[in-house]
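Take a look at the structure below.
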Amino acid sequence: MPKLKPKAMTPTPDEEAAIRAGIAADPDTFELDDEWFAKARPASDAHPQIVEHDKRRRGRQKAPTKEHISIRLDADLAAHFRSSGPGWQTRLNDTLRQAVFGQGK
C-alpha cells in the first residue's frame, strides 16, 4: 500500500461502506472482477486504427532547431495569427524573422 501524504484522510469503515454502497447502487458503473478481466482484449485488437495512429506521432527532436520560449503578446496580435489556423506559430516566427532580418526562409 502506498504511503499517505501527511494530513491525508482515509475514510472510516462506515464511510468506506457508504462509498461502496453508492458505487453498487450506481447503474452507470460496475466493479471490475476477474471475469471482466478474462474477457478484456488488448487495445491493439479492439481498436487497431487508434493504436496505429498513436504510433505514428512524432517524437522528441533529436537536435532541436528551435528554442521553446514563452512570450506575452497583445491579444489582438495573438488572435490575428491564431485565426489563420494550424501553423500560426510558424507564420509568426516567419513574420518576426522578416521584420528583424529582412529575410524569409
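The values are calculated or read from the model by the stated rules, or taken from the named source; none is laboratory data. The shown structure was predicted, so the numbers you read here are calculated from the model rather than taken from an experiment. All Cβ positions, even for glycine, are placed from backbone atoms using ideal geometry, and neighbour counts span all protein chains on display.
Within region 59-76, is there a residue that is surrounded by 10 or more Cβ atoms within 10 Å (Cβ to Cβ) and either free of Cβ contacts under 8 Å to residues at least 24 places away in the same chain or of a type in the set (Gly, Ala, Ser) (or both)? Yes, region 59-76 has at least one match. Here Glu15 meets each of (1) surrounded by fewer than 10 Cβ atoms within 10 Å (Cβ to Cβ); (2) at pLDDT 85 or above; (3) of a type in the set (D, E, K, R) with one exception, condition (1).
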